[in-house]
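Scroll down for the structure; my scribbles are underneath it.
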Amino acid sequence: MKVAFWSTVHGQTTTTSNVLAISIMIALKQTLKTLITHNHYYHSTLEHTLLDANYRDPELTEFSDMGIDAVSRFIKFNTVDESCIKNYATTIINNRLDFLTGNKQA
């Protein structure tokens, strides 16, 4: 099952809060594995809500070793699989909810 939350206005928290509420509820109530991702990095409420401030430090993520940027390297060489996504996502709730951060490209 794939569910998309979309808005025409960037920066409004309504879409983000709905994504968080529904995905966390699914992770707590169901036995489904859920992955949250998006296509923004800067000014993203998801990163600020789910990740520790030290983890969001630009100097620590300078080489793009997490999130969409890391997975996109595998996509370029057509070697992406489930383990690639799992390895580069951040676990929020063990075996239930993972978060794949957005890209760092401006």
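Chymotrypsin sites (Phe, Trp or Tyr not before Pro), restricted to region 68-97: which are DSSP loop and have at most 11 other Cβ atoms within 10 Å? Before the final figure, lay out the partial values.
Working: sites: Phe74, Phe77, Tyr88; in loops: Phe77.
Filter output for region 68-97: Phe77.
Residues whose amide H lies under 5 Å from that of Thr101, counting only those 5 or more places away or on a different chain, are Gly67, Ile68, Thr90; hydrogens are built 1.01 Å from N in the peptide plane. For Thr34, the residues whose amide H sits under 5 Å from its own are Leu97, Asp98, ignoring neighbours fewer than 5 places away on the same chain, with H placed 1.01 Å from N.
None of the figures in this text is laboratory data; all of them are computed from the coordinates on show. Everything numeric here is computed off the predicted structure, so don't read it as measured data. Backbone-built Cβ (ideal geometry, glycine too); neighbour counts: all protein chains shown.
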